[in-house]
Amino acid sequence: MDKMIVGSGAVLNGEVAVSGAKNSALKLLFASLLAEGEHVFRNVPRLKDVESTATLLQSLNCQTDFEGDVFKVRVAKPGSFEAHYDLVRKMRASILCLGPLLAKYGQAVVSLPGGCAIGTRPIDLHLEGMKALGAEITLEEGYVKAKAKRLKGAPFLFETVTVGGTENVMMAATLAEGTTILENAAKEPEIVDLAEYLIRMGAKIRGHGTSVIEIEGVNSLKPAEFSVMPDRIEAGTLLIAGAITGGEVTITKAVPEHIESLIVKLRECGFKISATDRTVTVHPLKQCQAVDITTNPYPQFPTDLQAQFMALMCVAQGTSVISETVFENRFMHVQELTRLGADITPKSRVSVVRGKPGGLTGAPVMATDLRASASLVLAGLVAKGETTVSRIYHLDRGYENLENKLSSLGAKIRRSN
Ligand code: UD1
C-alpha cells in the first residue's frame, strides 16, 4: 500500500494550478443519467472517486472515455437500474444516481452507503425529498428501492442543510411534472455548478446559490458540454501549505470568492493574502497567530478544510478552539497529529489546540479519511525529521497529484510502497 514520505524544512514558494472540483465532477457525471446521448465534461480531475463513478456509470450501461481532462459519457437506457453495494460502499456519493434514475426511468435500486469514518451520515433527507415528489420508497436487504410513474413537483423543506440531498432532489425535480420549491437548500458552489449544467441540458432552475431553489419540471433533457469548476478544497489546502511553511504561494485557476471564509481566517492569523480574479497568494509571515474556527455550511468555514486548518493551528502562537458542527466524529486526525507532538484536547465536537511553534516532530502516522490525510501531509511539511503517512489511498480519492503539486513548490515529498 502506498505511503507518502514528507520531509521538513522546505519553505514553499511559487505558483500552482488548482484542478477541477471532485465534489462537482461526481455530481455532473451522475446528472448525465438524465439524458441519453453523449455528454462532454472538461477540467475533470483524475481521481479514484471519478474512476469509481465511471465504473458505476458503466454498470448502468453507459460508455465512458477519459482523455486528458475531458470525460465523455455516452448514456443509453440501462438494462438494470441498480447501483450495487460493492460500488456504493467505495464511494458514498454513489447515492447521487438515485434522483436521476428515478426521474428518467421511474425506478432505481441503490445500496445504502453504510457506515462512514466521519459520522453516521444518513440519507434520510434524500429519501424524504424523493417521497415529497411522489416516489414510493422501500428499504429492502440494504437497498433503497424507489419507484414512481412520473415524479410530481412539490414544495420541500430540508430539515438540515445537506449538499448531497439538495443535489439529488434537484436532479430528480428537473423531469417532474410541475414546479418544485426546495427550501433550506444548500448554497455550495458545487450546487451552482450542477444547476448550471442542468440548465444547459434544458432544465428550468432558479435560485441556485440561495437557500430557495425553484425547479420547473420539463418533459426531457438533452446532453451538453460543461467545464467543471475549480476545486475550492484543494485550493484551500495548497494555500494552507504555503502558510504553514511561511512561504509565498500563489494558487492559480481558482475562484477566490469560494474560499473567502478561509482567506478571512488566514488574515486573522496575520497572513497577508492578495487575490485577483483567478489567483490567490499567501505571503510569508514570521509567526502565525492562533484563531478559532467553526465549520458550517457554505459560505461559512467548510468542514472539508477543518483538518488542514487544524494542522496550521498546531504550530500557531496561542490557543485555538476548533468547532465542528457539520459532522459528528470528524476529529480522527487529532490522534495522528498528536503523534507528531501536537497538543490537542478533543471533546466531541470541539477541539482545543495549544499551538507549539516549531514543536512538531516527524513520525509514522495513518490517514483516516480524505481531508484528514491532507492535514497529516501539511503537518509533515513542518514536523522536524521525516513523517510517513500511510493509507494514502484516502488522499488519492480526492487530490489530483498532490505530491507533484507540493514538490513543484519545493516540498520534500515522495510516494513509496
Ligand atoms: C458533501 C461533500 C463533502 C462535504 C459535505 C459538507 C461530496 C461528494 N461530498 O457531502 O465533502 O464534507 O458535503 O460540506 O460532495 N444529513 C442528514 N440527512 C441526510 C443528508 C445529510 O442528516 O439525508 C446530515 C449529515 O449527517 C451531516 C450534514 O447533514 O451532518 C451535512 O451532510 P451533507 O451536506 O449531506 O454532506 P454530503 O453531501 O454527504
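Out of SER348, SER408, which single residue is over 22 Å from the mean Cα position of the chain (by Cα), within 15 Å of the ligand (Cβ to nearest atom) and surrounded by fewer than 15 Cβ atoms within 10 Å (Cβ to Cβ)?
Result: SER348 is the single residue among SER348, SER408 that is over 22 Å from the mean Cα position of the chain (by Cα), within 15 Å of the ligand (Cβ to nearest atom) and surrounded by fewer than 15 Cβ atoms within 10 Å (Cβ to Cβ).
Please give the strands (runs of 3 or more DSSP E) falling wholly within region 138-252 in which 3 or more residues are among the aliphatic types (A, V, I, L, M) and farther than 25 Å from ALA76 by Cβ.
Because the criterion is at least 3 residues that are among the aliphatic types (A, V, I, L, M) and farther than 25 Å from ALA76 by Cβ, the strands (runs of 3 or more DSSP E) in region 138-252 that meet it are 212-216.
Condition first: within 21 Å of ARG391 (Cα to Cα), away from the ligand (no atom under 16 Å from the Cβ) and at pLDDT 95 or above. Can you find one or more residues in region 36-51 that meet it?
For region 36-51, residues within 21 Å of ARG391 (Cα to Cα), away from the ligand (no atom under 16 Å from the Cβ) and at pLDDT 95 or above: present.
Surrounded by 15 or more Cβ atoms within 10 Å (Cβ to Cβ) and closer than 30 Å to MET332 by Cα: which single residue out of GLU159, GLU167 fits that description?
GLU167
Could you grab the pairs with beta carbons closer than 6 Å, sequence gap of 6+ or different chains, first residue in region 170-194 and modelled with pLDDT of 95 or more, second one within 14 Å of the ligand (Cβ to nearest atom) and charged (D, E, K, R)?
Pairs that qualify, where the first residue is modelled with pLDDT of 95 or more and the partner is within 14 Å of the ligand (Cβ to nearest atom) and charged (D, E, K, R), are LEU194/LYS27; LEU194/GLU167.
Taking the stated definitions as given, is MET201 farther than 30 Å from SER408 by Cβ and crowded, with 23+ Cβ neighbours inside 10 Å?
no
Taking interchain pairs and intrachain pairs at least six residues apart, which have beta carbon atoms under 6 angstrom, with the first residue in region 141-161 and of a type in the set (Phe, Trp, Tyr) and the second part of a strand (DSSP E or B) and within 16 Å of the ligand (Cβ to nearest atom)?
Short answer, once both residue conditions are applied: TYR143/SER111; PHE156/LEU182.
Need a quick list: strands (runs of 3 or more DSSP E) entirely within region 331-417 having at least 3 residues that are in contact with a Ser or Thr (Cβ under 6 Å, 6 or more places away or on another chain).
Strands (runs of 3 or more DSSP E) meeting the threshold: 350-354.
For (1) within 16 Å of the ligand (Cβ to nearest atom); (2) surrounded by fewer than 16 Cβ atoms within 10 Å (Cβ to Cβ), each residue gets a yes or a no:
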{"site": "SER80", "(1), (2)": "no, yes"}
{"site": "TYR85", "(1), (2)": "no, no"}
{"site": "GLY99", "(1), (2)": "yes, no"}
{"site": "ILE123", "(1), (2)": "yes, no"}
{"site": "GLY129", "(1), (2)": "yes, no"}
{"site": "ALA132", "(1), (2)": "yes, no"}
{"site": "ILE137", "(1), (2)": "yes, no"}
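Which of (1) at pLDDT below 95; (2) within 23 Å of the chain's Cα centre (by Cα); (3) of a type in the set (S, T, N, Q) does THR64 not meet, given it meets every other one?
Result: THR64 passes all but (1).
Can you pull out every residue in region 64-94 that is touching a strand residue (DSSP E or B) at 6+ places or on another chain (Cβ under 6 Å) and in a helix (DSSP H, G or I)?
TYR85, VAL88, SER94
Considering only region 303-345, state which residues are surrounded by fewer than 18 Cβ atoms within 10 Å (Cβ to Cβ), among the small types (Gly, Ala, Ser) and at negative phi.
Listed by number, the list holds a single entry, SER323.
Is one or more of the residues making up region 354-363 closer than 25 Å to GLY398 by Cα and crowded, with 22+ Cβ neighbours inside 10 Å?
No.
More than 24 Å from HIS394 (Cα to Cα), basic (Lys, Arg) and in contact (Cβ under 8 Å) with a residue 40 or more places away in the chain - does that describe any residue in region 281-294?
yes
Quick test for you: out of VAL110, VAL144, VAL73, pick the one residue that is more than 16 Å from the ligand (Cβ to nearest atom), β-branched (Val, Ile, Thr) and in contact with a Ser or Thr (Cβ under 9 Å, 6 or more places away or on another chain).
After ruling out the rest, the residue left standing is VAL73.
Quick one: in region 290-337, of everything that is among the acidic types (Asp, Glu), within 12 Å of the ligand (Cβ to nearest atom) and at pLDDT 95 or above, which residue is nearest to ALA243 (Cα to Cα)?
ASP304
State yes or no: is SER211 within 16 Å of the ligand (Cβ to nearest atom), surrounded by fewer than 16 Cβ atoms within 10 Å (Cβ to Cβ) and either modelled with pLDDT of 95 or more or of a type in the set (A, V, I, L, M) (or both)?
yes
The values are calculated or read from the model by the stated rules, or taken from the named source; none is laboratory data. These numbers were taken from a predicted model, which means no experiment stands behind them. Don't worry about glycine lacking a Cβ; one is built from the backbone with ideal geometry, like all the others, and counts go over all protein chains shown.
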